[in-house]
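Below is one structure; the comments refer to it alone.
The values are calculated or read from the model by the stated rules, or taken from the named source; none is laboratory data. Please read these numbers as outputs of a predicted model, since none were measured by experiment. Note: ideal-geometry Cβ built from the backbone for every residue, glycine included; neighbour counts use all protein chains shown.
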Ligand code: AMP
């Protein structure tokens, strides 16, 4: 399976991406986690990414695209992947499409996590208290939600036009949301046959 996961910060993408990747025995690639690991290591990539992350801005497309294309060339991705947090802009989505077209391994689905703003703020404030993420202050959270609305939300139409969009009701217990996703992917597969 080759899947991308879209949705605002706090929608539960990371938790579900791990579970979906496990279900299909494929690679789980979370760009935010890769950046955070690089920041912790003090690598050059981490140094570049940190200022954008701390502000709640997106890391520039060329930096993210190069990193993800490198990651997709690793052997574990041959079994498929769940991309969590990429693409976040139309330019990133186009770069991904182009690479997958060259490899003749197109995407199967784009999961779009839908959640109310009220539930989102409740979760993000909870996560800030729990994890002490430097990008989880209230002001940065608001900015990240704005960036999502402006730069990432257009991807919903982008994937809908390509017949790949699967809307996911992201409110509910973790295992219930996972089951919804797996059922939807199964339905999509059936209707595509
Ligand atoms: P996340 O853990 O997915 O919320 O990502 C944390 C931060 O990493 C984001 O707020 C961005 O600064 C950066 N980041 C992660 N993925 C991307 C991406 N695809 N494009 C640009 N920046 C990204």
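General remarks:
- Check on residue 153, at pLDDT 95 or above and touching a helix residue (DSSP H, G or I) at 6+ places or on another chain (Cβ under 8 Å): no
- Wholly enclosed helices (runs of 4 or more DSSP H) of region 74-193 bearing at least 3 residues more than 16 Å from the ligand (Cβ to nearest atom): 90-103, 117-131, 154-161, 174-191
- Cβ separations smaller than 9 Å between residues 6+ apart or across chains give the following pairs from region 103-118 residues that are surrounded by fewer than 11 Cβ atoms within 10 Å (Cβ to Cβ) to residues that are assigned to a loop (DSSP other than H, G, I, E, B): 116/171; 117/8.
- Picking from residues in region 43-71 that are touching a residue at least 40 places away in the same chain (Cβ under 8 Å) and either outside any loop (DSSP other than H, G, I, E, B) or more than 9 Å from the ligand (Cβ to nearest atom) (or both), the one that is surrounded by the most Cβ atoms within 10 Å (Cβ to Cβ) is 53.
- Residue within region 23-42 that is assigned to a helix (DSSP H, G or I) and touching a residue at least 60 places away in the same chain (Cβ under 8 Å) present: yes
- If the condition is being in a helix (DSSP H, G or I) and more than 9 Å from the ligand (Cβ to nearest atom), then region 1-22 contributes 15, 16, 17, 18, 19, 20, 21, 22.
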